[in-house]
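Enquirer: Take this structure, written in structure tokens, and hold onto it; I'll ask about it next.
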Amino acid sequence: NPTVDIGPDRVVLEGGSVVLSSLVTGTELQYLWSPASYLNSVTNPSVTVVNPLTDIGYTLTITAKGGCKSSDSLFIKILSAIKVPNLFSPNGDGINDRWLIKYLDSYPDCSLQVFTRSGQLVYETKKYTDASAWDGTLKGKQLPFDTYYYILQPGSGRKPITGYVTIVK
């Protein structure tokens, strides 16, 4: 009987690619990857997933001489490009009251720090969610209208992102 192992689930950056390789045993093997979406081939032992647009699962089924089959599956999570707004207005009107960073919650190893102009840390999170988004306060007190500076470390193979965010009232 043939055996197949295509490894663990993977994470791919939006617009990126990843090579999926197989470890197999058996004789006179035939390979069939499915689905064919984003693959450069469906009949090779190793394939490249090119520019996937959505999360997707793949299965490799191998057929050995005599018709015996074996398969293995994995899942590919796509990390979208992070979109960081440069202002928000935490004034209690229900509109832009929190600094929401689009797609950051899909980066499980991210960390975010926000500083004043003088370098005082005013916000920090190790696991960003929309619920933990910064509300423009420090220890429960509203911070003044000003520009603040951030260091965002997405993890998952992405370089740190730095920039500024302005609180407007």
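The values are calculated or read from the model by the stated rules, or taken from the named source; none is laboratory data. Predicted model only: the values in this text are computed from it and were never measured. Using ideal geometry, Cβ is built from the backbone for each residue, glycine included, and neighbour counts are taken over all protein chains shown. With ligands, DNA and RNA removed, areas are computed over all heavy atoms of the protein, side chains included. Shrake-Rupley method; radii C 1.70, N 1.55, O 1.52, S 1.80 Å.
Enquirer: Length gain on complete extension for the stretch Ser132 to Thr27, per 0.36 nm per residue less the alpha carbon to alpha carbon distance?
Expert: Details: separation 105, 0.36 × 105 = 37.80 nm, distance 5.38 nm.
Here the segment from Ser132 to Thr27 would lengthen by 32.4 nm.
Enquirer: For segment 1-160, give the share of DSSP beta bridges that are antiparallel, in percent and rounded to the nearest 5; count only bridges with both residues there. The partial results should precede the final answer.
Expert: Working: 35 of 39 bridges.
Looking only at bridges with both residues in segment 1-160, the antiparallel portion is about 90 percent.
Enquirer: Among rounded, prolate and oblate, which fits segment 66-138 when a ≥ b ≥ c are the square roots of the eigenvalues of its C-alpha gyration tensor, a/c under 1.5 means rounded, and a/b larger than b/c means prolate? If you can, show how the numbers build up before the last one.
Expert: Numbers: a/c = 4.13, a/b = 2.74, b/c = 1.51.
Prolate shape, in that a/c is at least 1.5 and a/b is the bigger ratio.
Enquirer: For segment 72-162, which whole percent of the accessible surface, found with a 1.4 angstrom probe, sits on carbon and sulfur atoms? Could the numbers behind the result be given before it?
Expert: On the way: 2700 of 5090 Å².
That share works out to 53 percent.
Enquirer: Quick one: putting +1 on the C-beta of Lys and Arg, -1 on the C-beta of Asp and Glu, what dipole do you get for the chain around its Cα centre, in Debye to the nearest 20?
Expert: Working: 15 positive and 14 negative charges, 70 e Å.
So the dipole magnitude of the chain works out to roughly 340 debye.
Enquirer: Further question on the same structure: For Asp146, what charge total do you get from the other residues with a beta carbon under 11 Å from its beta carbon, if Lys and Arg give +1 and Asp and Glu give -1?
Expert: Values: positive: Arg117, Lys169; negative: none.
Neighbour charge sum, excluding Asp146 itself: +2.
Enquirer: While we're on this one: Which value, in Å², gives the accessible area per residue of segment 10-137 when a 1.4 Å probe is used on the protein heavy atoms? Let's see the in-between values first.
Expert: On the way: 6770 Å² over 128 residues.
I get 53 Å² per residue for segment 10-137.
Enquirer: I've got another one for you. Which ³J(HN,Hα) values, rounded to whole Hz and listed in residue order, are derived for segment 26-36 from phi using the Karplus coefficients 6.51, -1.76 and 1.60 in 6.51 cos²θ - 1.76 cosθ + 1.60 with θ = phi - 60°, glycine and proline given as x?
Expert: These are the phi-based 3J(HN,Hα) values: x, 10, 6, 7, 10, 10, 9, 8, 8, x, 7 Hz.
Enquirer: Along the charge dipole of the chain, Cβ charges K/R +1 and D/E -1, which of Ile101, Val4, Leu87 sits furthest on the positive end?
Expert: Towards the positive end, the residue furthest out is Leu87.
Enquirer: Please give the solvent-accessible surface of Tyr123 in Å², to the nearest 10, using a probe radius of 1.4 Å with every protein chain present.
Expert: Roughly 30 Å² of Tyr123 is accessible to a 1.4 Å probe.
Enquirer: Just to make sure I understand: if all protein chains stay in place, what is the order of Arg158, Arg117 by accessible area at 1.4 Å, largest first? Don't skip to the answer; put the middle values down first.
Expert: Working: Arg158 65, Arg117 155 Å².
From most exposed to least exposed: Arg117, Arg158.
Enquirer: Using a 1.4 Å probe and counting only protein heavy atoms, arrange Lys159, Lys169 so the residue with the most accessible area comes first.
Expert: Working: Lys159 165, Lys169 125 Å².
Sorted by accessible area, descending: Lys159, Lys169.
Enquirer: Quick one: which residues, 5 or more positions from Tyr164 or on another chain, have an amide H under 5 Å from its amide H? H modelled 1.01 Å from N in the peptide plane, none for Pro or chain starts.
Expert: Tyr150
Enquirer: Could you give the semi-axes, largest first, of the ellipsoid that matches segment 26-169, computed as the square roots of 5 times the alpha carbon gyration tensor eigenvalues and rounded to whole Å?
Expert: On the way: eigenvalues 459, 35, 28 Å².
Here the semi-axes work out to 48, 13, 12 Å.
Enquirer: Rounded, prolate or oblate: which fits segment 60-108 when a ≥ b ≥ c are the square roots of the eigenvalues of the alpha-carbon gyration tensor, with rounded for a/c under 1.5 and prolate only if a/b beats b/c? Can you show the working numbers first?
Expert: On the way: a/c = 8.64, a/b = 5.39, b/c = 1.60.
It comes out prolate by the Cα gyration axes.
Enquirer: OK, next. With a 1.4 Å probe and all protein chains kept in place, how do Val11, Val165, Val4, Val24 rank by accessible area, largest first? Present the calculation step by step, with values, prior to reporting the outcome.
Expert: On the way: Val11 90, Val165 0, Val4 20, Val24 45 Å².
Order by accessible area, largest first: Val11, Val24, Val4, Val165.
Enquirer: Right, something else. Using the Karplus equation 6.51 cos²θ - 1.76 cosθ + 1.60 (θ = phi - 60°), what ³J(HN,Hα) coupling, rounded to whole Hz, does each residue of segment 152-163 give in order, writing x for Gly and Pro?
Expert: 10, 10, x, x, 6, x, 8, 6, x, 10, 10, x
Enquirer: In whole Å, what is the distance between the alpha-carbon centres of segment 112-167 and segment 1-76?
Expert: 40
Enquirer: Please label the shape of segment 11-61 as rounded, prolate or oblate, based on the square roots a ≥ b ≥ c of the eigenvalues of the alpha-carbon gyration tensor (a/c under 1.5 means rounded; beyond that, a/b larger than b/c means prolate, else oblate). The partial results should precede the final answer.
Expert: On the way: a/c = 2.57, a/b = 2.21, b/c = 1.16.
Prolate, since a/c reaches 1.5 and a/b exceeds b/c.
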